1. Applying the selection to segment 33-57, what residues are outside any loop (DSSP other than H, G, I, E, B) and among the aromatic types (F, W, Y)?
2. Name the single residue, out of those in segment 84-115 being polar (S, T, N, Q) and free of Cβ contacts under 8 Å to residues at least 24 places away in the same chain, that is farthest from P71 (Cα to Cα).
3. Any residue in segment 68-83 that is of a type outside the set (D, E), touching a residue at least 12 places away in the same chain (Cβ under 8 Å) and touching a Leu at 6+ places or on another chain (Cβ under 9 Å)?
4. Scan segment 41-81 for residues that are among the hydrophobic types (A, V, I, L, M, F, W, C), under 14 Å from the mean Cα position of the chain (by Cα) and farther than 10 Å from R25 by Cα and jot them down.
5. Mind listing whichever residues of segment 61-86 are in a loop (DSSP other than H, G, I, E, B) and more than 21 Å from Y23 (Cα to Cα)?
6. May I ask you to list pairs of residues, at least six apart or on different chains, whose Cβ atoms are under 7 Å apart, with the first in segment 14-35 being loosely packed, with under 14 Cβ neighbours inside 10 Å and the second being of a type in the set (A, V, I, L, M, F, W, C)?
Amino acid sequence: MNNDSILLDFWANHEWPQVQTLYFRLYHDDQGRPLQYSRYEEPGSYIEVTPEEFAIGNMQVRVVNGGLEYPPPPRAPKLTPATQGVACHPDDVTVIVSPSADHKQYWNMKTYDAN
């Protein structure tokens, strides 16, 4: 028997391992709050998630009607100069002055998405 026939015989008779299905699950409580992400069969309620969602592992999500619901994006308040609003000292925004003052700077609060 030569090497080629040994190799061909090996591959012809080789038993391939059973392909295992990968599970990506988010286990949650009755209110939809996440408990854990797992790739294993565990007792409890779960939903299937994508590999990307599993890798991120966001614990701020909620399970609603069998899907993930993400929280709203964070918002960041910021003071911006304006032509009307709260009158402040021109050099110090923490000092509020009378709107009738000669030197003043108006400020308004604006809210931006933090993302």
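Only the coordinates and a few stated rules stand behind these numbers; no lab work does. Quick caveat, the model's predicted, so the values are computed rather than measured. All Cβ positions, even for glycine, are placed from backbone atoms using ideal geometry, and neighbour counts span all protein chains on display.
1. Within segment 33-57, Y37, Y46, F54 meet the criteria.
2. Here is the first cut: in segment 84-115, the ones polar (S, T, N, Q) are 84, 94, 98, 100, 105, 108, 111, 115.
Narrowing further to those that are free of Cβ contacts under 8 Å to residues at least 24 places away in the same chain: 94, 98, 100.
Numbers: T94: 33, S98: 41, S100: 44 Å.
Here the answer is S100.
3. Yes - at least one qualifying residue is present in segment 68-83.
4. Looking only at segment 41-81, we keep the residues that are among the hydrophobic types (A, V, I, L, M, F, W, C), and these are 47, 49, 54-56, 59, 61, 63-64, 68, 76, 79.
Within this subset, residues satisfying the condition of being under 14 Å from the mean Cα position of the chain (by Cα) are 49, 54-56, 59, 61, 63, 68.
Of everything in segment 41-81, those that are among the hydrophobic types (A, V, I, L, M, F, W, C), under 14 Å from the mean Cα position of the chain (by Cα) and farther than 10 Å from R25 by Cα turn out to be A55, I56, M59, V61, V63, L68.
5. Scanning segment 61-86 gives Y70, P71, P72, P73, P74, T83, Q84, G85.
6. So the pair list comes out as D29/L35.
Per-residue answers, yes or no, for (1) surrounded by 11 or more Cβ atoms within 10 Å (Cβ to Cβ); (2) among the hydrophobic types (A, V, I, L, M, F, W, C):
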position: E53; (1), (2): yes, no
position: Q60; (1), (2): no, no
position: V63; (1), (2): yes, yes
position: P72; (1), (2): no, no
position: P77; (1), (2): no, no
position: A87; (1), (2): yes, yes
position: P90; (1), (2): yes, no
